[in-house]
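Visitor: Please see the structure below; I have some questions.
The values are calculated or read from the model by the stated rules, or taken from the named source; none is laboratory data. All values derive from a computational prediction rather than experimental measurement. FYI the Cβ positions are ideal-geometry reconstructions off the backbone, even for glycines, and counts take in every protein chain you see.
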Amino acid sequence: MNKTLKNIFIYIGLSCLVTSCNVMKRVKKSDYLLTENSTIVNGKKNNTEDISNLYYQKPNGKLPLLGTPLRLHIYNLARPNIDSILQEKIYNNPRKVAWKTKLLSRKQLEKDIESRKNLNRWLKETGEAPVIVDEVKTQKTATNLKNYYFRNGWFDVKTSYEIAKGEDQRAKVTYNVETGDPYIIDSLNAKISTPIIDSLYQQKLKKGSLIKKGERYIEDNFSGERERLTTALRNSGFYHFGQDYISYDIDTIGTNKKVNTDLVIKNRSIRNEDSTSRVPFKVYKIKEVNVFTDYKFENKDLTLKDSTDYNGFNLYSFDKLKYRPKTLTDAIFITKGDVFKDIDRTRTYRYLSNLNTFRYPTIDYIENANDTTLTVNIMLSPEKKYKLGFRFDVTQSNIQTIGFSFSTGLNIKNVFRGAETLEISALGSIGASKDAGNSKDQFFDINEVGANLRLTIPRLFFPTNTEKIIPKYMTPSTRISFGATSQRNIGLDKQTLNGIFNYNWYPSTKVTNNLDLFNIQFVKNLNTANYFGVYQNSYNRLNTIAQTYNSNVSYLDEDGNLTYPEGTDGFISDVLNNNTALTPDDDNYIDVSNISQREQRLTEDNLIFSSSFNYTKDRRENIFDNDFSILRFKLEFAGNLLSNLSKLAGADKNENDQYEIFGVAFSQYIKGEFDYVKHWDLGKKNIFAVRSYFGIAVPYGNSNSIPFSKSFFAGGPNDNRAWTAYNLGPGSSKTTNEFNEANFKINLSMEQRFNILGNLNGALFVDAGNIWNVFDNVEDEDAIFSGFSSLKDIAIGSGFGLRYDFKFFILRGDIGFKTYDPSYSLGNRWFNDYNFGNAVYNIGINYPF
């Protein structure tokens with residue numbers, strides 16, 4: 001296997017070195033290699049994607065920018081008749097067989113030969129055979145072009161082609177298209193056999209027609225109009241209606257390129273034993289709705305034990321009814337007495353599925369023979385009420401020699417008989433730190449415990465009826481969760497509490513709305529004395545400065561390094577109180593000030609009581625759609641309710657002029673985020689993608705800065721890939737912090753994605769952006785956004801990457817180069833560290849945007 005892989009890489013390397021004439025290696029002397037397609041429409045070249053998709057033959061694919069047909073080179077490395085070659089060179093030569101079997105056994109020889117065949121097969125499958133000009137396919141392409149323009153209104157179109165064959169056995173194909181003048185819709189007359197449908201069409205449906213007088217004939221508009229009318233009629237009570245009943249009679253004879261159209265809708269066709277008759281369509285209404293709440297196939301012949309009538313719905317159960325009737329009927333859009341609507345069935349399927357209580361439901365319509373009514377049977381098969389899960393892990397890291405973790409979760413369906421889902425989970429872990437063996441304390445000196453409770457309600461949990469504001473077809477839901485964790489000997493150690501009261505609903509299939517009515521986060525750090533033990537970069541910088549300017553030996557250990565927290569805190573205090581030789585104008589003084597400020601930010605306790613609204617519009621049709629856009633918007637407010645309550649209660653403020661709750665000053669701010677992603681499908685697995693992101697968080701009232709968890713950072717595999725996460729900015733400042741953050745961010749990215757071979761894809765990218773401080777307590781001018789002049793500090797990174805598509809996920813590797821680095825002085829920011837030594841290597845899952 002290793003030998004085969006070695007050979008593969010050798011062959012691929014050689015394929016990149018071959019000269020251009022090697023592409024002809026597998027082209028017969030009588031054949032011509034197709035190198036270019038072009039289409040001339042009315043004297044002008046047309047190279048749009050719509051035209052390109054009509055070609056039956058396309059030239060061999062080339063790598064972007066390099067222009068090398070890599071897959072063709074790989075294919076040419078394969079031997080077309082490998083079996084006969086090996087037979088002739090080895091098996092037909094007794095001496096060679098004898099010599100090889102002395103070095104290798106017969107079995108090893110056969111394995112060696114099989115590996116050569118496998119390599120040859122891999123080269124053929126991975127590579128791409130040369131595209132030979134085929135005149136039959138060329139004629140089919142010309143016909144395709146003619147049909148395309150005909151379908152779009154150019155009925156007099158004429159097409160031809162020319163094949164330019166060169167002496168080097170390369171050929172270019174040029175298609176010529178003369179469209180003539182397009183045909184224009186002149187009239188649209190409706191010939192509808194069923195009077196009630198004719199009346200509905202004239203009164204309502206005619207206005208939204210896709211076929212409009214004065215516009216060019218487009219065949220897709222006629223198909224779209226057929227679908228539109230079918231959908232409208234099936235949502236108007238016509239149970240038996242289908243697309244086949246709609247047709248068009250088109251007249252273009254002697255009309256001077258005008259199209260006169262008759263829209264024909266026939267009566268319903270009823271097939272009898274030996275004949276077919278046509279009768280007018282009728283409007284069907286729902287006679288009754290039967291809901292079987294615990295249906296199973298094995299129960300179909302059993303006697304129903306429980307039943308009830310609720311708001312016109314008949315609820316049946318083979319056992320005792322386990323659901324509140326309103327819960328089920330609210331999920332059903334098919335109502336007794338209403339006319340039949342196809343959309344009601346679709347919405348019912350969707351809502352019942354989103355309850356996460358039943359397996360995919362079955363909805364059957366049964367036509368009543370004596371009248372124009374329908375009986376609806378809805379069969380629901382409940383999922384298991386209880387589901388218990390466990391997980392156990394053994395871990396090792398740079399913090400602990402060994403660790404054990406355990407988590408469990410209990411999922412309870414229909415907990416309050418309203419299709420609610422209750423999830424109860426807990427986690428626990430213990431571990432031994434690197435220093436545990438040197439301590440008299442217990443061996444397992446690291447621990448973490450936590451619990452979480454989440455209740456999901458399949459409707460809006462609100463005191464008043466919200467149906468008029470958020471109708472049930474938007475499948476609203478409510479999520480209430482509470483959680484708590486406690487960590488010991490992990491970083492700064494902390495206790496956290498969180499609670500969320502959330503609403504979620506879908507106005508359409510492409511739009512998602514999410515409202516956090518309340519989101520509470522409480523974080524208390526228990527081991528702030530270990531700050532410099534966790535953030536070693538800050539410690540190393542501070543310790544280096546102390547070697548020159550510290551005069552207090554009590555701050556040092558036996559090796560002459562600052563102790564922490566006594567030594568580090570003492571030296572910082574001396575510097576900031578001007579008890580050292582450093583002055584506020586010195587760079588080292590500024591570094592110490594920044595380190596001190598950073599320590600305060602990361603060791604502060606947080607209480608965040610916020611409300612937020614998220615809006616997402618995703619235009620993707622499916623996971624294979626490569627031409628779409630995504631818009632995300634978020635607005636968050638924090639601290640307003642607590643601030644007003646504190647004022648009303650006459651609460652006292654602390655020495656920093658802040659209100660406190662449980663001894664912690666709560667955060668007050670407003671935060672907005674805007675994120676827009678757009679993908680263009682350029683064909684041939686080429687995609688151009690862009691992203692723009694803007695975010696700002698402004699503290700006010702009880703805060704003069706944003707909590708670290710709510711601030712912005714730059715860099716990383718999904719941001720500016722030429723910098724590692726938290727390593728860029730703020731602005732043009734030259735910080736020594738591990739985690740650089742701020743409250744204002746701009747990020748712009750663009751990426752060209754292309755296929756290399758098989759499931760291996762490549763990308764070229766440019767990322768631009770930075771973070772700044774604005775409207776907070778930061779005083780470093782280099783870190784503050786002061787207007788448009790600060791845009792000169794936008795960092796630019798560029799690079800390339802590889803992606804391998806595993807179908808269910810994509811493994812991504814990117815190399816980012818610092819192209820424009822704002823940490824350098826103006827005039828010296830371009831391409832300073834533009835090399836592989838200073839590049840940033842990113843590994844990620846799926847695309848960055």
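Visitor: Taking only the stretch 176-197 into account, find how many residues are part of a helix (DSSP H, G or I) and either among the aliphatic types (A, V, I, L, M) or without any contact (Cβ under 8 Å) to a residue 24 or more places away in the chain (or both).
Guide: Selection size over the stretch 176-197: 2.
Visitor: Related question: Does ASP675 satisfy the condition of being out of contact with any Pro (no Cβ under 8 Å at 6 or more places or on another chain) and either in contact (Cβ under 8 Å) with a residue 60 or more places away in the chain or surrounded by 14 or more Cβ atoms within 10 Å (Cβ to Cβ) (or both)?
Guide: Yes: the conditions hold for ASP675.
Visitor: Shifting gears a bit: What are the residues in the stretch 641-668 that are of a type outside the set (A, V, I, L, M), surrounded by 15 or more Cβ atoms within 10 Å (Cβ to Cβ) and touching an Asp or Glu at 6+ places or on another chain (Cβ under 7 Å), if any?
Guide: Result: no residue meets the conditions.
Visitor: Hey, LYS792 hits all of (1) in contact with a Phe, Trp or Tyr (Cβ under 8 Å, 6 or more places away or on another chain); (2) over 29 Å from ILE687 (Cβ atoms); (3) not in a loop (DSSP other than H, G, I, E, B) but one; which does it fall short on?
Guide: With (1) in contact with a Phe, Trp or Tyr (Cβ under 8 Å, 6 or more places away or on another chain); (2) over 29 Å from ILE687 (Cβ atoms); (3) not in a loop (DSSP other than H, G, I, E, B) applied to LYS792, the lone miss is (1).
Visitor: Go through (1) surrounded by 22 or more Cβ atoms within 10 Å (Cβ to Cβ); (2) part of a strand (DSSP E or B); (3) touching a Leu at 6+ places or on another chain (Cβ under 8 Å); (4) not small (Gly, Ala, Ser) one by one and return the number of the condition ASN740 breaks.
Guide: (2)
Visitor: Another one. In a strand (DSSP E or B) and either over 25 Å from the mean Cα position of the chain (by Cα) or surrounded by 19 or more Cβ atoms within 10 Å (Cβ to Cβ) (or both), is that true of GLU636?
Guide: Yes: the conditions hold for GLU636.
Visitor: Okay, moving on. Just the residues that are of a type in the set (Phe, Trp, Tyr), within 30 Å of ASN543 (Cα to Cα) and either out of contact with any helix residue (DSSP H, G or I) (no Cβ under 8 Å at 6 or more places or on another chain) or surrounded by fewer than 17 Cβ atoms within 10 Å (Cβ to Cβ) (or both), please, taken from the stretch 743-772.
Guide: Residues satisfying the conditions do not exist here.
Visitor: Determine the pairs where a residue that is surrounded by 14 or more Cβ atoms within 10 Å (Cβ to Cβ), located within the stretch 830-849, has a partner that is assigned to a loop (DSSP other than H, G, I, E, B) and among the basic types (Lys, Arg) with Cβ atoms under 6 Å apart, the partner being 6 or more residues away or on another chain.
Guide: ASN842/ARG721
Visitor: Check THR308 against each of (1) in a strand (DSSP E or B); (2) hydroxyl-bearing (Ser, Thr, Tyr); (3) surrounded by 14 or more Cβ atoms within 10 Å (Cβ to Cβ) and name the one condition it does not meet.
Guide: (3)
Visitor: Still on this structure: State all residues of the stretch 22-51 that are hydrophobic (A, V, I, L, M, F, W, C) and in a strand (DSSP E or B); if no residue qualifies, say none.
Guide: LEU33, LEU34, ILE40, VAL41
Residues are listed down the side, and each one gets a yes or a no for (1) touching a residue at least 24 places away in the same chain (Cβ under 8 Å); (2) over 30 Å from PHE501 (Cβ atoms); (3) part of a helix (DSSP H, G or I):
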site: TYR539; (1), (2), (3): yes, yes, yes
site: ASP559; (1), (2), (3): no, yes, no
site: THR580; (1), (2), (3): yes, yes, no
site: ASN594; (1), (2), (3): yes, yes, yes
site: TYR615; (1), (2), (3): yes, no, no
site: ASN622; (1), (2), (3): no, yes, no
site: LEU631; (1), (2), (3): yes, no, no
site: LEU641; (1), (2), (3): yes, no, yes
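Visitor: Do you know which of the residues in the stretch 498-513 that are crowded, with 16+ Cβ neighbours inside 10 Å and in contact (Cβ under 8 Å) with a residue 24 or more places away in the chain is farthest from PHE708 (Cα to Cα)?
Guide: Once the filter is applied, the top-ranked residue is TYR506.
Visitor: What pairs come out if I take residues in the stretch 208-236 that are within 26 Å of ASP181 (Cα to Cα) and in the same structural domain as LYS257 (by TED's automatic domain parsing) and pair them with residues that are of a type in the set (Phe, Trp, Tyr) and part of a loop (DSSP other than H, G, I, E, B) whose C-beta lies under 9 Å away, six or more apart or interchain?
Guide: ILE211/TYR217; ARG216/TRP154; ARG216/TYR183; TYR217/TRP154; TYR217/PHE155; TYR217/TYR183
Visitor: So, one more: What are the residues in the stretch 698-719 that are farther than 18 Å from GLY799 by Cα and touching a Ser or Thr at 6+ places or on another chain (Cβ under 7 Å), if any?
Guide: If the condition is that a residue be farther than 18 Å from GLY799 by Cα and touching a Ser or Thr at 6+ places or on another chain (Cβ under 7 Å), then PRO699, GLY701, ASN702, SER703, PRO707 are the ones that fit.
Visitor: Please count how many residues of the stretch 49-82 are at pLDDT below 85, under 30 Å from ASN152 (Cβ atoms) and of a type outside the set (Gly, Ala, Ser).
Guide: 1
Visitor: Same structure again: If you take the residues in the stretch 221-262 that are part of a helix (DSSP H, G or I) and of a type in the set (D, E, K, R), which one is surrounded by the most Cβ atoms within 10 Å (Cβ to Cβ)?
Guide: GLU225
Visitor: Given the criterion in contact with a helix residue (DSSP H, G or I) (Cβ under 7 Å, 6 or more places away or on another chain), at pLDDT 85 or above and in the same structural domain as GLN139 (by TED's automatic domain parsing), identify the matching residue among THR35, THR39.
Guide: Step by step, each of THR35, THR39 is checked, and only THR39 is in contact with a helix residue (DSSP H, G or I) (Cβ under 7 Å, 6 or more places away or on another chain), at pLDDT 85 or above and in the same structural domain as GLN139 (by TED's automatic domain parsing).
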